[in-house]
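Working notes, structure below.
The values are calculated or read from the model by the stated rules, or taken from the named source; none is laboratory data. Values in this document were obtained by computation on a predicted structure and should not be read as measured data. Here Cβ is always computed from backbone atoms with ideal geometry, including for glycine, and neighbour counts include all displayed protein chains. Just so you know, the surface numbers come from the protein's heavy atoms only, side chains and all, with ligands and any DNA or RNA stripped out. Shrake-Rupley method; radii C 1.70, N 1.55, O 1.52, S 1.80 Å.
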Amino acid sequence: MDIMRNVLYIILLLTLGNWMFSSCYKDEGNYDYHEINEVIIGDKGFADTTYNVTAFVDTILIKPEISFKMKENKNIVYEWKLISVAVGNRKEYALGNAAELNFPVELSSGNYTLYFKITDTVNTVEYLKMVGVIVQNIQSSGWIVLGENDEGFIQMDMVSTVRDTVILKNILKDSGCPPLKKPINLWVIDNFNKNMTHVSTGDGTYLIDRENFTGGEHTNYKYSFYDPTVVDEFVLKDALQIKYFARIAIVGSNLFHIGSLLEGEIFGQPANHYKGNYDFFAVGDKIGANIKSRAQSFVVYNDTDKRFVKIGGGGGMGSTDGYCDSLNDTRNDINIFSWKPGLDYVTTINSRFLNGNTYTILKDAENGKYYLYSYCIDKPLWGTGNFFKKLGKYEIINCPEFEKARFFGASALRTFLIYATDSKLYAYDFQSGKFKLIKDFGTHEITCMYYDLILETRSDCFYIASYDPSLPASTGGTITKFKVNNDPNDISIEAIPESTWTGLCKIKSIQYKRRYGF
């Protein structure tokens with residue numbers, strides 16, 4: 001009881017003390033309360049909008065719809081900011097502090113987010129709206145062509161498709177690269193962020209910046225190799241990349257391969273040899289691949305041993321990495337053809353026909369006959385591994401001027417082989433044996449033929465570059481896009497309307513350049 005009485009006594013004293021203290025204390029503070037000036041930013045110019053603009057051409061104009069809870073807005077601050085959303089390359093651009101935006105776009109191509117912020121500086125309350133911006137420059141997308149000018153040096157032109165089709169001339173003029181001759185090949189990689197356009201010439205290969213087409217001695221292709229001494233000449237003859245998984249290239253007389261680009265982008269030792277045997281064999285100048293299925297194995301022709309070999313898809317996915325392996329016949333497919341035919345190499349053609357068939361043309365040196373070997377590099381729908389399926393062997397008969405063929409392609413819808421001589425374009429149905437002259441360019445020279453296997457996924461189209469010898473090399477080139485008619489009873493093509501571009505250089509190679517990024 002005594003303990004309980006003492007506790008109640010202490011509580012009573014504390015309560016009384018607090019009452020006396022509060023009654024004697026006078027609050028003399030001076031508080032100045034401000035009502036928050038609530039701001040509402042309307043959706044006009046922001047909601048359901050993405051600005052697709054061209055650098056140095058377009059201006060972004062936005063007049064936001066802004067309403068305030070109070071009429072007085074002297075404590076309001078505006079801010080416009082643009083932020084690049086590129087991974088690992090975040091940049092911010094302050095665009096101004098006016099209520100409205102008038103922004104002439106002068107930025108590198110890429111994806112951005114535009115922010116509009118209103119701040120009540122007294123109560124430090126912020127209100128925000130944002131919208132996406134996609135910037136392209138006039139060179140962001142379109143056909144780039146590598147050719148030669150009147151003096152025999154390389155010239156690169158472009159058919160820009162960013163806005164209305166525009167012809168851009170001599171875009172390597174201020175590239176920083178040395179004067180180069182003998183244009184050979186272009187390679188534009190669109191699916192790996194750190195790569196540039198490869199320009200291959202008889203004087204070497206250089207990597208050119210995708211954005212502004214600049215390069216120099218520091219972008220010489222020799223810096224793409226751990227040991228440049230293993231390369232006899234830095235001439236890129238053919239190259240392929242399957243997504244960001246694998247890359248393969250024929251440089252000079254050797255084959256180079258990277259099994260996984262996640263581990264690096266620099267080539268090591270040549271791969272045109274067998275495991276444990278470093279006697280390098282000669283390879284054909286084209287690489288067999290299935291762009292349609294993105295199988296990570298490749299086929300090349302060992303022209304020393306006169307046989308097909310495979311490479312890539314290592315780690316249990318079908319073949320080896322860093323060296324070649326033999327393709328071996330089985331009891332089930334030996335009657336189709338042998339992977340060791342013993343014939344001379346002519347060329348290899350990849351297509352989108354059926355599952356993504358590949359064709360290799362070989363020649364029998366003894367009798368002068370040509371043969372087409374059809375096969376498919378594919379991967380199963382489930383599980384891992386690549387497989388190599390033989391499809392057929394066809395003797396190429398009754399084909400006029402086939403021995404003069406300079407360029408080859410293959411239909412995506414029919415069993416048509418398309419080939420070009422100096423001025424004539426032929427189509428040959430290798431299954432039925434029918435052939436047809438489908439286009440005669442007369443006095444104009446066919447200088448390049450290109451089948452786009454990456455972008456042209458729903459059509460059967462190809463491109464022919466021709467040259468008018470009566471005009472200067474710098475302006476006498478033309479590109480024409482053709483469509484193969486899907487007619488089983490006739491072999492015919494037709495030019496696509498509004499898909500002929502003139503005034504270009506004498507073209508040796510064509511590639512399409514998409515907007516930078518994946």
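Here are the numbers for this structure:
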item	result
Filtered residue count, region 38-69, keeping only those that are part of a loop (DSSP other than H, G, I, E, B) and either touching a helix residue (DSSP H, G or I) at 6+ places or on another chain (Cβ under 9 Å) or open to solvent by less than 60 Å² (accessible area, probe 1.4 Å) (or both)	8
Complete set of residues in region 205-231 that are part of a helix (DSSP H, G or I) and either touching a His at 6+ places or on another chain (Cβ under 6 Å) or among the small types (G, A, S) (or both)	S224
Residue match in region 375-382 (condition: more than 27 Å from F482 (Cα to Cα), in a loop (DSSP other than H, G, I, E, B), open to solvent by 50 Å² or more (accessible area, probe 1.4 Å) and in contact (Cβ under 8 Å) with a residue 60 or more places away in the chain)	yes
Residues (at pLDDT 90 or above and closer than 26 Å to S140 by Cβ) located in region 59-91	T59, I60, L61, I62, W80, K81, L82, I83
Evaluation of K237 against (1) open to solvent by less than 10 Å² (accessible area, probe 1.4 Å); (2) modelled with pLDDT of 95 or more (one fails), failing number	(1)
Residue satisfying condition, being surrounded by fewer than 19 Cβ atoms within 10 Å (Cβ to Cβ) and closer than 26 Å to M196 by Cα, within set E456, E494	E456
Of all residues in region 480-491 being open to solvent by less than 30 Å² (accessible area, probe 1.4 Å) and in contact (Cβ under 8 Å) with a residue 40 or more places away in the chain, the one that is farthest from L168 (Cα to Cα)	I491
Among the candidates G284, G215, G276, G268, residue that is of a type outside the set (D, E), open to solvent by 10 Å² or more (accessible area, probe 1.4 Å), more than 20 Å from the chain's Cα centre (by Cα) and at negative phi	G268
Number of the exception - R352 against (1) open to solvent by 10 Å² or more (accessible area, probe 1.4 Å); (2) more than 18 Å from A420 (Cα to Cα); (3) in contact (Cβ under 8 Å) with a residue 12 or more places away in the chain; (4) more than 26 Å from the chain's Cα centre (by Cα)	(4)
When residues of region 384-413 are limited to those that are within 24 Å of K292 (Cα to Cα) and more than 27 Å from the chain's Cα centre (by Cα), the one surrounded by the fewest Cβ atoms within 10 Å (Cβ to Cβ)	K389
